[in-house]
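Colleague: This is the structure I have questions about; it appears just below.
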Amino acid sequence: KDSGFLLYLLCLSRQYTRQRIWAQNPESLRTARNDCTKTDRGISRTRSTFAGVARYRYVATMVLALFDQMMVKLKANDKAHVAFCVSGIIGCLVCYGVLQERIMQEPFGGERFSYSLLLVLCNRVVTVIVAAGLLVANGQELAPVAPPQAYAAVSVSNVVATFCQYEALKHVSFPVQTLGKCAKMIPVMIWGSVIMRKKYNSKDYGVAAAVTLGCSLFIMTGEVTSKHAGSNSSMFGVMLMMGYLAFDGFTSTFQDKLFKGYQMTIFNQIMYVQAFSAGFSTLGLISAGQLGDAISFVMRHPDALGSILTLSAAATIGQLFISHTIKTYGALLFATVMTTRQFISILLSCILFAHPLSLGQWVGTVVVFGALYYKTLSKKAESSGEHNPAKTLASDTELGEKEPLVGGVDGTK
């Protein structure tokens, strides 16, 4: 209605201007006609713009309606729904892992990408946009609920952990990085004991010891250095992975403490933590003098920008699948899917990027994933015996299995 009234006023203004100019100076009629022609063109463009917006709104409404119908049909068939959730998580996060290795280890036109903070920045910007859109679509509160310093504190450790993860790929192979992430439960248990005063049973410590043993066996019995790294840089890569585990475990634990007592939705938490992360990443790029070089790199290599945006989209969509899966089926199914996804990522990396593993490394891999599957199956048995899914979910969250959306993009970072 407002746009129609505006067009009506423009038409009246055009007619009044023409009559007034003709009465005062007939010789200026040609100029008046030219001005009116420009006005007509402006009105035509305005009409086209409104029509375009209406078309896009109609298409978006139709897409959402079709998606809702598809989800209703999927939920009616439990097996199909589980398959949808599992394939969504594995597909998105395996794609994320492949692109991560492609960006950080393979050259673009003879140049290597070395701006890890730009990758962090793009991830966070995409996540903020999606989280804000979901808040608006669901009619939820956009204003911050917790104090800004709470969001910022979690964000700092989040950015440092993600930076360490990407930088490690310059020095160690992707299988080493992925297997190292499986040891996340160890720093989570340490930080949980120190910060939250949590206590863990002997089974948890046994699984942590098995994971540590498997990771150590993997590192000591074969090649772990990245293909393009120097011969002496593998230790630095391992140190970066230890930094990642420490800060990521701190993020998972500290956010529980900081946000405890605040009634906020998960998307509100995501939006503001990741917004602070985007700001800190930008400051990091500027302070390191890399912002201009990073922009210049993606301008020279559009395929690099395409890979970065695809990686960010895959990570964000994967997080939506993770959130939906945990909400619908709980942490047990999610933990099993994530363990399987990590194993598939290692196999796919060995095939696509030629990472031959020694016999000792395969043994270490089996030890790590065997321990993780044992933990998941034992939790399932406990849940079946106690009929208390909430308790199982809380336990998995404490050990870092329920990867916080704030904490990562690949189910971790």
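Colleague: Grab the other residues whose beta carbon is less than 12 angstrom from that of VAL86, score K and R as +1, D and E as -1, and report the net. It would help to have the intermediate numbers written out before the result.
Modeller: Working: positive: LYS79, ARG341; negative: none.
Spelling it out: positives minus negatives among the neighbours equals +2.
Colleague: Also: Keeping all protein chains in the complex and leaving out DNA, RNA and ligands, what accessible area do you get for THR325 with a 1.4 Å probe, in Å² to the nearest 10?
Modeller: 0
Colleague: Okay, moving on. Quick one: give the max-minus-min coordinate of the C-alpha atoms of the range 327-383 along each principal axis, largest first, in Å.
Modeller: 40, 22, 7
Colleague: What distance in nm separates the two pseudo spin-label positions at LYS198 and MET299, each 7 Å out from Cα along the beta-carbon direction?
Modeller: 4.7
Colleague: Counting only protein chains, not ligands or nucleic acids, how are THR253, THR310 ordered by accessible area (probe 1.4 Å), most first? Show your work: numbers first, answer last.
Modeller: Details: THR253 10, THR310 70 Å².
Result, largest first: THR310, THR253.
Colleague: Can you run phi through the Karplus equation (6.51, -1.76, 1.60; θ = phi - 60°) for the range 99-111 and list ³J(HN,Hα) in whole Hz, with x for Gly and Pro?
Modeller: 5, 4, 5, 4, 5, 8, 10, 9, x, 10, x, x, 10
Colleague: Sequence-distant or interchain residues sharing an amide H contact under 5 Å with PHE108, placed H: which?
Modeller: Sorted by chain and number, the residues that satisfy this are PHE113.
Colleague: Now a separate question. With equal scatterers on the alpha carbons only and no solvent term, can you work out the Debye log10 of I(q)/I(0) for the range 238-321 at 0.12, 0.18 1/Å?
Modeller: Relative scattering, expressed as log10 I(q)/I(0), comes to -0.56, -1.15.
Colleague: Now, a different point. How much accessible surface area, in Å² rounded to 10, belongs to the heavy atoms of ILE270 with a 1.4 Å probe?
Modeller: Approximately 10 Å² of ILE270 is accessible to the 1.4 Å probe.
The values are calculated or read from the model by the stated rules, or taken from the named source; none is laboratory data. What you are looking at is a predicted structure, and each value in this text was computed from that prediction instead of being measured. Using ideal geometry, Cβ is built from the backbone for each residue, glycine included, and neighbour counts are taken over all protein chains shown. Side chains included, ligands, DNA and RNA excluded: accessible areas come from the protein's heavy atoms. Shrake-Rupley method; radii C 1.70, N 1.55, O 1.52, S 1.80 Å.
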